[in-house]
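K.L.:
Before we start, here is the structure in question, set down as C-alpha cells.
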Amino acid sequence: MTSNERFQLVDVKIEDRICFITMNNPEKLNCLSDAMCRDMVEALHYGYSEQCVAIVIRANCRKGVWSAGHDIHELPQDGSDPLAYDVPMERMLHRVQEVAIPVIACVDGSVWGGACDLCLSCDMIVASENATFAITPAKIGIPYNASGIMHFVNQLGLNKAREMFFLATPIEARDALNVGLINRVTTADKLESELESHFLAPLRRNSVMSVSAIKRQFRILSKASSVIPSEGFERINAYRTRVYKGADYIEGINAFLEKRAPNFKGKASDLDTNPF
Ligand code: YXS
C-alpha cells in the first residue's frame with residue numbers, strides 16, 4: 001500500500017529523508033477533526049518508522065486558512081471534557097511533541113485554536129508574512145487545559161500568552177516572530193526555499209541520532225517545572241469542569257454554528273463558589 005493510500009485527509013510523501021505531511025481537507029478549512037487527527041498521528045508514525053531525519057507539517061489552504069482548529073461540530077455537548085488528555089486532538093499534539101525527530105510547521109495562512117497549539121507543539125515554525133496565529137477558546141466558552149496553557153507560557157512568556165488567550169484575536173507573523181512563537185518569517189514566494197535552505201539542509205547534514213537524543217532531552221527537561229501541589233491540579237480541574245459543563249460553552253458552540261455573536265452569561269464570580 002503506497003504511503004498515501006492509507007490516509008484520507010493528509011497527503012504524505014518522503015523526499016530525501018524528509019517526511020512531508022500536508023493537511024488536505026481545504027473544504028473543511030483543515031479542521032482538526034477526529035479523522036484528521038488520527039491521520040496525522042499515523043503519518044507521524046510513518047515518517048519516523050521510515051528513518052526520516054525530520055517531518056514537515058504543511059496545509060493545503062482555502063480562504064487563506066492553514067487550519068481552523070478543532071472541528072467545532074465535534075466538540076462534545078454531553079458534559080464531557082472537550083480537551084481531555086486522550087481526545088484525538090490532544091493525542092495528536094502529544095505525538096508531535098514525542099516523535100523523536102524534529103517536526104517543523106510550514107505555515108502560509110491563518111492558524112486558529114488547537115491548530116495554534118499544533119504549531120507550538122512542533123519543534124520549529126517557518127511562516128510567510130501573511131500568516132496569523134490565534135488561540136480562541138475564550139471566543140467559544142472553552143476553558144482550555146493546563147498542558148496547553150503551559151505550552152504557550154513556556155514558549156511566549158506569561159505576558160504574551162495571557163494576551164493571546166484573553167483576547168482570542170490573531171497575532172501577525174512579525175509579532176509572532178518577535179515573541180518567539182515562530183523561528184523565521186519570509187515572503188510567501190520564498191517560504192519553500194527558506195524551509196529547505198535554513199531548516200532541512202542542515203538537518204540532513206547533522207547526525208540524526210544526536211538530534212534525536214537532544215529532542216528526547218528537550219522533552220524531559222521541558223516537563224521539569226516547579227512542583228504544583230496536588231490541590232492545585234484539583235482546583236484547575238474544578239475550574240475547567242465548571243466551564244465546559246456551563247451554559248457559556250454550549251452558547252459559544254451554538255452561536256458559531258448559527259453564525260451569530262455569542263451571548264455569554266457566565267460570570268467570573270461563578271468560579272468563586274466551591275463547586276462541591
Ligand atoms: O457555513 P459552512 O457550512 O460553509 O461552514 C463554515 C464554518 O462553519 C466552517 N468552519 C468550521 N467548522 C467547524 N469547526 C471550525 N473550527 C470551523 N471554522 C470554520 O467553515 C465554513 C467556512 O467558514 P467561514 O464562513 O467562517 O469562513 P471565513 O473565511 O468567513 O472565516 C474563516 C475563519 C477560520 C476565520 C472562521 O471560520 C472562524 O473564525 N472559524 C473558527 C476558528 C476558531 O476559533 N477555531 C477554534 C476551534 S475550537 C479549538 O480549536 C479548541 C478547542 S480551542 O478553542 O480551545 O482553542
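Computed from the coordinates by the stated procedures, all read-outs in this text should not be read as laboratory data. All figures in this text were calculated on a predicted structure; none of them were measured in a lab. Virtual Cβ from ideal backbone geometry, glycine too; neighbours counted across all protein chains shown.
Residues are listed down the side, and each one gets a yes or a no for (1) of a type outside the set (Asp, Glu); (2) assigned to a helix (DSSP H, G or I); (3) surrounded by fewer than 17 Cβ atoms within 10 Å (Cβ to Cβ):
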residue	(1), (2), (3)
VAL185	yes, no, no
LEU203	yes, yes, no
ILE214	yes, yes, yes
ILE250	yes, yes, yes
ARG260	yes, no, yes
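K.L.:
LEU195: within 19 Å of the chain's Cα centre (by Cα), under 20 Å from ASN130 (Cα atoms) and crowded, with 16+ Cβ neighbours inside 10 Å, yes or no?
P.N.:
In short, no.
K.L.:
Which one of these is without any contact (Cβ under 8 Å) to a residue 60 or more places away in the chain, within 14 Å of the ligand (Cβ to nearest atom) and of a type in the set (Asp, Glu): ASP39, ASP11, ASP71, ASP78?
P.N.:
Criteria check complete, one pass: ASP71.
K.L.:
Answer yes or no: is there a residue in the range 39-59 that is surrounded by fewer than 21 Cβ atoms within 10 Å (Cβ to Cβ) and within 21 Å of MET150 (Cβ to Cβ).
P.N.:
No, that holds for no residue.
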